[in-house]
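One structure below.
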Amino acid sequence: MRKVAATLAAVLLVTGCAVERAGTSTSIPPADPSVTDASGSPEAGVATAPAAAWRLATLPDLAGPTSVLWDVVSVDATHAWAVGSEAYSPERPDDTGTPLILQWDGTRWARAALPTIGWHGRFDLVAADSPSNVWAVGSSAAAVPQDQVTHVLRYDGTAWREVPFPRGDGRSEALITGLAVVEGHAWVVGNHMSEVIIEQWDGRSWRPHQSPAECRTGGTSFGGMPNFCTFTAIKAFRPDDVWAAGNGAWNGFKGPLLFHWNGSGWRTVQVGINEQESYFAALTGRSSGELWAVGDGGLAVRGDGSSFEVLRDAPGGALPDVATDPTGQPWLIENAPAPGAALATHGAGAWVDAPAPQPPDAVGMSLHGITGTPGSPRMYAVGAADLPTNPRYLRAVVVEYGDGPPTESAGLP
C-alpha cells in the first residue's frame, strides 16, 4: 500500500509534481464531455452502478476530536487490520494524535493491543502475508519534518513489537511511502529529498538497496533540475519479484514509472507516457502478469510486466489507492467534495462507479486505503468522514464489501 500525505506533496513538488493531502475531502469534478485528456480525446464518463453491497462497518468508540484510518490489509476472511490515529486535535498538531490499529476477527472490529507508545502521531501503512506476520509503519508528530521519527511495528500472531528501523532516528527527513510483505520479507520504500529509500527486512535485519541507475546518475532533467526518481508504493509477489511505483525524470524522459526488483537489482519500467508531470500513487495485482497502477489526474494503466495499456477513461482527479478482488478486477478510490467518496471498478471495457456509504451525520468523506481478501469476495476501504463542526473534525470509517445486507449506498451486483 501507499502513503499520500502533506510531506509527500513537498517531495513531489520538488520533483515537478503536485499532490493534495489526503485527510480532507479532495476535489474531483464530474466528467464533462467537453474536457479532453492529454491525447486530445474526450474523457469518457463513469457509469453509475445499481445499489448493492458496499456498507459501513461498525467500529469501536474512538477518541476525539478527530480519528482517521489511513491504510488496511486483509489476509483471509477472519484477519484484517486497519491503521491510523485517534485523539488528534487540529489545533495542536505537534503534540496530539494516538497511533491506532484496529483488528477484524471475522465478527467485529476492535482495538489491537499495542506495546506502550510514548509518542504522538499515527500509523500510515500496514501490510501482511499471514495472520502471524503483520507490519505497520508510522511516524511521530512534529513541527518540522526533521523532527519526525519513523516507527515500524511487527505482529507475530501473539503481540505487536517495535522493530528498530535504520531510517527512524528523526534526523534524515525520511518520508516512507510504501510497505509490502511477502514470504517473511518486508519492504519499505520512500524518499529523502532526491534520494530513493529502499529497505528490505530479510528475516533478521534490514538491507538497504540501491535505486535504478537512472535515478542515481548525475545530470540535468527538465527545468535545470537534477535527475530524480520517487518511490510512492510497492507490491511484492515473491522475494525476487517486487514492483514499486512513482515517477522520474532524466534527459529524454519525464513521467510516471514502475520499478522492478528481480532478486539482484532494480530497473525502471516505462509505461508509454513521457513528457508529463504525473506520477503513480498506488499499484496492485495478483501477479507480475496482472498489474494495475493509478495516480494523479485520473492516471490508470494495466499491464503484464512488459507492455502496458493506458486507460484514458479512468475517473478523474487524484486516485489514492487501488486493490484487486479475487477475480483480478481492480477497485480504486476516488474522492470528491460532495456527497463523498466513491469506489470504481473496471469491467466490460468501462469503469463502473459505486458511491461509498457515509455516516448520516457526515457532510463529506475521504477514503485513503483499500484492500482485497485472498480467496474471498470481502474487501475493505478506510478513511474518515467529515463532521459538521467548526473547526472541521473527522471520524474514522471502514466500508466493507461482501456478504450481508446492502446499505442505501451503491455497490456492484
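The values are calculated or read from the model by the stated rules, or taken from the named source; none is laboratory data. These numbers were taken from a predicted model, which means no experiment stands behind them. All Cβ positions, glycine included, derive from the backbone under ideal geometry; neighbour counts span all protein chains shown.
Points to keep in mind about this one:
- Residues of region 75-104 that turn out to be of a type in the set (S, T, N, Q), modelled with pLDDT of 95 or more and surrounded by fewer than 24 Cβ atoms within 10 Å (Cβ to Cβ), as a count: 3
- The requirement of being at positive phi and not in a strand (DSSP E or B) is satisfied by Gly106.
- Against the numbered list (1) farther than 25 Å from Val73 by Cα; (2) among the acidic types (Asp, Glu); (3) modelled with pLDDT of 95 or more, Glu290 comes up short only at (1).
- The set of residues in region 119-163 that are touching a strand residue (DSSP E or B) at 6+ places or on another chain (Cβ under 6 Å) and assigned to a loop (DSSP other than H, G, I, E, B) comprises Trp119, Pro131, Ala141, Gln148, Val149, Val163.
- Scope region 264-294; condition in a loop (DSSP other than H, G, I, E, B) and farther than 14 Å from Lys235 by Cα; matching residues: Ser264, Gly265, Val271, Gly272, Ile273, Asn274, Glu275, Gln276, Glu277, Ser278, Tyr279
- Residue within region 185-204 that is at positive phi, out of contact with any Phe, Trp or Tyr (no Cβ under 6 Å at 6 or more places or on another chain) and of a type in the set (A, V, I, L, M) present: yes
- Qualifying positions in region 131-170 - hydroxyl-bearing (Ser, Thr, Tyr) and on the phi > 0 side of the Ramachandran plot: none
- Pick from region 298-347, criterion part of a strand (DSSP E or B) and touching an Asp or Glu at 6+ places or on another chain (Cβ under 6 Å), ranking: nearest to Val73 (Cα to Cα): Ile333
- Evaluated against (1) charged (D, E, K, R); (2) touching a helix residue (DSSP H, G or I) at 6+ places or on another chain (Cβ under 9 Å); (3) closer than 16 Å to Ala236 by Cα, Arg312 falls short on exactly one condition, (3).
- Yes/no for Trp109 being within 22 Å of Thr78 (Cα to Cα), of a type outside the set (S, T, N, Q) and either modelled with pLDDT under 95 or within 22 Å of the chain's Cα centre (by Cα) (or both): yes
- Residue check, Thr116 over 21 Å from the mean Cα position of the chain (by Cα), over 22 Å from Ser74 (Cα atoms), among the hydroxyl-bearing types (Ser, Thr, Tyr) and assigned to a loop (DSSP other than H, G, I, E, B): yes
- Any hit, region 159-168, residues being more than 25 Å from Ala323 (Cβ to Cβ), of a type in the set (A, V, I, L, M) and at pLDDT below 90: no
- The set of residues in region 326-340 being crowded, with 19+ Cβ neighbours inside 10 Å and either at pLDDT 90 or above or among the acidic types (Asp, Glu) (or both) consists of Pro330, Trp331, Leu332, Ile333, Glu334.
- Answer from Val137, Val144, Val149 - the residue that is surrounded by fewer than 16 Cβ atoms within 10 Å (Cβ to Cβ) and under 27 Å from Pro90 (Cα atoms): Val144
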